[in-house]
Amino acid sequence: MRYGLLLPTSLAQLRAGGTAASVVETAAAAERGGFDSVWVGDSLVRPRLEPLTLLASIAQRTSTVTLGTALLMPAYRHPVQAAATISTVDQLSGGRLVVGVGAGFPGFSEQELALVGVDYRTRFTRLDETVALWRGLWTSSPSSVRGRTLDYEWLPEVPRPAQDGGPPIWLGGITPAALRRTAAHYDGWMPYPPDPADYAAGLATIRQQAGGRPITPALYATVYVDDDHERGVAALDRFCRAGYLRPYDEVSRIQVMCTGPDVAAQLGAFVAAGVEHVIIRIGALEPDVIAGQLAAAAGLVATMRGTGAATGPAAGRH
C-alpha cells in the first residue's frame, strides 16, 4: 500500500503565500514524513505552476519518492517536445516518474483546448495517440506517424527515459469509455469518485477487460484532517470556493473529500474497494495551514500503516 501527496501548486494557493520554491520544500518534507510519492497538477482553467518544470526541480531535492503528474494535460504541449521533456525529468529523477494524464472535462476544458488549438471533440483520440507516440519515441524511434489527430511525416529522435519503455502512464476518469481505455492502453487508473462502491465496480470492469495486464489502481482524494467534522467541512468549502468557484456541497458530489474523526475509515473503504495508491490533496490554501495539515496527514498515514486500516495487494514501486 502506497500513499502520495498532491503538492500545493494552484494559483489560489500561490496567492495565499505559496511559491515554487516552497512547493519544492514541501515535496522534501513529504519524503521525510514517510510519503511514498509526490504529485503536481496541470490546468489552464484552474491555473497552477507548470508541472514538468517543477518536477525537474523536485527530482534534485528528493531521492526516494515517486514523482507524478495528477493529472497532466498533454494537449497543452507539442507531443514530440513533451516526450523529450518527460524523458528529461525521468532521467533527472533516476527513473522515479509516473505520468498521470487526462483529456479535460465538459464545462471546463472547451476554452482551454481552443486556446491551444486542439479540437475538443477529438480530445480522447488525441490523448491516446499522443501516449502511443510517446511510447514509440521512447523505444523504437518511429520516422513518421499517421493518426486521426496526429499526422507527422517526419519525427526526430528524443532522449530515452531512465525507465525502459518510458514512465508508467496512468489515466483519470470513471466513465465507461475511460474504463475501456484504461484497460486497453494505460498502466494505472487514478479517478476520484465519492462512493467506494463505484470505485470497486470500475476497477472490476478494468480488470475484466484488461485480460490480466497489470494496472495500478490509485485514488485522488482531497483531505482536511480535523476531528471536528463541521469545522473540516467549512475548511473544505473555503478551499473549493477558492479553487473551483463552487461550494463544497457541489464539488463533493463529484470528488471524494474526507474530513472529520473517521478519515482513516473513509480512505480505508476505498482500499477495501481495491485502491493500492492513495494520493492525498490537502484541502487548504495558506502555507502555514498546509504545513500543519501535512504533519497531520503524515500522522494519519503512519496510523493507517500501523493498524492495517489500509492494507492491500502490493502495487510495486509505482
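Tabulated data for the structure shown
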| quantity | calculated |
| --- | --- |
| Residues that are touching a strand residue (DSSP E or B) at 6+ places or on another chain (Cβ under 8 Å) and either more than 16 Å from ILE58 (Cα to Cα) or at pLDDT below 95 (or both), drawn from the stretch 3-12 | TYR3, SER10, LEU11 |
| Leading residue by the ranking (surrounded by the fewest Cβ atoms within 10 Å (Cβ to Cβ)) among those in the stretch 91-143 that are among the aromatic types (Phe, Trp, Tyr) and within 27 Å of SER63 (Cβ to Cβ) | TRP138 |
| Residue that is assigned to a helix (DSSP H, G or I) and more than 16 Å from LEU71 (Cα to Cα), where the choices are ALA178, ALA183, ALA162 | ALA183 |
| Candidates ALA75, ALA21, filtered to the one that is over 16 Å from LEU5 (Cβ atoms), at pLDDT 95 or above and surrounded by fewer than 16 Cβ atoms within 10 Å (Cβ to Cβ) | ALA21 |
| Output for the stretch 78-118, where each listed residue is under 23 Å from TYR192 (Cα atoms) and in a helix (DSSP H, G or I) | GLU110, GLU112, LEU113 |
| Selection count where residues are in contact with a helix residue (DSSP H, G or I) (Cβ under 9 Å, 6 or more places away or on another chain) and either at pLDDT 95 or above or small (Gly, Ala, Ser) (or both), scope the stretch 302-318 | 3 |
| When residues of the stretch 204-223 are limited to those that are outside any strand (DSSP E or B) and of a type in the set (A, V, I, L, M), the one surrounded by the fewest Cβ atoms within 10 Å (Cβ to Cβ) | ALA204 |
| Residue match in the stretch 38-53 (condition: within 13 Å of the chain's Cα centre (by Cα), part of a helix (DSSP H, G or I) and either of a type in the set (S, T, N, Q) or within 26 Å of LEU137 (Cβ to Cβ) (or both)) | yes |
| In the stretch 150-182, residue surrounded by the fewest Cβ atoms within 10 Å (Cβ to Cβ) [restricted to those that are of a type in the set (Gly, Ala, Ser) and under 13 Å from LEU133 (Cα atoms)] | GLY165 |
| Residues of the stretch 183-202 classified as over 17 Å from the mean Cα position of the chain (by Cα) and buried (at least 21 other Cβ atoms within 10 Å of the Cβ), total | 1 |
| Residue within the stretch 248-270 that is assigned to a strand (DSSP E or B) and under 19 Å from TRP170 (Cα atoms) present | no |
| Checking LEU245 against (1) exposed (fewer than 13 other Cβ atoms within 10 Å of the Cβ); (2) touching a Pro at 6+ places or on another chain (Cβ under 9 Å); (3) not acidic (Asp, Glu), the condition it does not meet | (2) |
| Qualifying residue in the stretch 110-126 (condition: touching a strand residue (DSSP E or B) at 6+ places or on another chain (Cβ under 8 Å), closer than 28 Å to LEU55 by Cα and in contact (Cβ under 8 Å) with a residue 24 or more places away in the chain) | no |
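The values are calculated or read from the model by the stated rules, or taken from the named source; none is laboratory data. What you see is a predicted model, and the numbers here were worked out from it, not measured in a lab. Reconstructed Cβ throughout: ideal geometry from the backbone, glycine too, with neighbour counts over all protein chains shown.
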